[in-house]
Amino acid sequence: MENRAPVQPSSFSLASIPAFWPVAMAASLATEGAELYAKNLKFVEEEIRIHEDLRPELATPNQVRLDLRTMRLRDYGRPGKIPTLVDAPYAGHTAVIADYHKGQSLIETLLANGIAHVALTDWKSATPDMKDLEIDNYLAELVVAIDDLGGRVNLVGLCQGGWLSAMLAARFPEKVNSLVLAGAPIDTDAGDGPIKRMVHASPQSFYQELVALGGGLMQGKFMLQGWKNMHPRQHYIRDHVDLYEHIDDPAYVAKEETFNSWYENPIDLPGRWYLQVIQQLFKENRLAKGRFVGLGRTLDLRAIVCPVYLLAGAEDDITAPEQVLDAAKYVGTPKDRIVQKTVPGGHIGLFMGARTLRDHWPLIARWIAAQ
């Protein structure tokens, strides 16, 4: 039988773990742990910073041409030929979507590609005294803006600014020289996007209750929560993981701060306006059906006879491509003067995506200038 040395009792036991743990942690921090701790702290501080009330700012130098109740009309470039008016979305975020970042700005792209004079509707966040404003109030002030610009413009409607632009072009066709609709829901019954399904699945009382919770306003924070819940994994997990992994990259952090200063700072909408939009445009599709009444007249999209450019995102889950492109079926513009274009990417990328601004908007700018 093999002789074995006697087993010596070990000085380490389960009972020693509590005493050993702080020592082990300190030893770890003394090496790579200190760097990890610093990175964690930096991540937490940056998360707090980019979700603070950092006000989004327009990237390109401009002047306030008009200060109206619903908007500030921003002026870019120099007066000359027919100006181009960009009608920014009024859907819970500011007009920064059209003038996002130097080198990544729709306004900058238009100015650099043959358009000398650009204006922008910088819609204001609704205050309690604005809760009963209606679509007509916004349509009327868009008319005031166009008249102040000389009475005739090339009109570029982005997203929700698109249906307002189409309304104006149908109501006052002589005021619109050309019309660009980008990611704009004109035929809200078309396609099968999640917004269409959600609006038709939820009773109007649901939206009325949201407005009541906001004291008569549709608060931007409610809408922001809704947008995020469309892609919860991306917004609640992936975005934070990506920031953590790139926390030591100043360029990445700066980019995140710029985006979040816009995205995480929503604006409020008048409750009456919002409920009109949900019921009359998205539930009943009155604009496409020729049953919407704007400034005292039933609007007929066939009254639009100017050149029209329709731009849709192939992966747009906010405005299905069909909702934009089907506008060609309703406007009175001759078919050979309508351009229909579908480009790669989603909704926000149509207006502020570097690839779309580089590859497609210069062509649209030159198309506008040619009109």
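Observations on the model:
- Qualifying residues in segment 315-338 (those that are without any contact (Cβ under 8 Å) to a residue 40 or more places away in the chain and exposed (fewer than 15 other Cβ atoms within 10 Å of the Cβ)) - the one nearest to residue 106 (Cα to Cα): 315
- Among (1) on the phi > 0 side of the Ramachandran plot; (2) surrounded by fewer than 20 Cβ atoms within 10 Å (Cβ to Cβ), the one test that residue 204 misses: (1)
- Subset of segment 266-295 [among the β-branched types (Val, Ile, Thr) and more than 17 Å from residue 324 (Cα to Cα)]: 267, 278, 293
- Figure legend. Inter-residue proximity from segment 278-294: first residues more than 16 Å from residue 136 (Cβ to Cβ), second residues in a loop (DSSP other than H, G, I, E, B) and among the aromatic types (Phe, Trp, Tyr), beta-carbon distance below 6 Å, spacing 6+ or different chains. Indicated pairs: 288/330.
- Subset tally (residues that are within 27 Å of the chain's Cα centre (by Cα), closer than 14 Å to residue 116 by Cβ and not hydrophobic (A, V, I, L, M, F, W, C)) for segment 79-91: 2
- Helices (runs of 4 or more DSSP H) wholly inside segment 96-212 containing at least 2 residues that are modelled with pLDDT of 95 or more and farther than 28 Å from residue 321 by Cβ: 135-148
Every residue, every condition in (1) surrounded by fewer than 24 Cβ atoms within 10 Å (Cβ to Cβ); (2) touching a strand residue (DSSP E or B) at 6+ places or on another chain (Cβ under 8 Å); (3) hydroxyl-bearing (Ser, Thr, Tyr), yes or no:
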site: 130; (1), (2), (3): yes, yes, no
site: 135; (1), (2), (3): yes, yes, no
site: 141; (1), (2), (3): yes, yes, no
site: 152; (1), (2), (3): yes, yes, no
site: 155; (1), (2), (3): no, yes, no
site: 166; (1), (2), (3): no, yes, no
site: 177; (1), (2), (3): yes, yes, no
site: 181; (1), (2), (3): no, yes, no
site: 186; (1), (2), (3): no, no, no
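- Residues that are of a type in the set (Ser, Thr, Tyr) and over 26 Å from residue 345 (Cα atoms), drawn from segment 278-319: 298
- In segment 138-153, the condition of being touching a residue at least 24 places away in the same chain (Cβ under 8 Å) and closer than 26 Å to residue 359 by Cα is met by at least one residue.
- Flag if residue 54 is modelled with pLDDT under 90, more than 18 Å from residue 362 (Cα to Cα), under 21 Å from the mean Cα position of the chain (by Cα) and surrounded by 14 or more Cβ atoms within 10 Å (Cβ to Cβ): yes
The values are calculated or read from the model by the stated rules, or taken from the named source; none is laboratory data. Model, not experiment: these values are computed from the prediction. For neighbour counting, all protein chains shown are included, and Cβ atoms are generated from backbone atoms with ideal geometry for every residue, glycine included.
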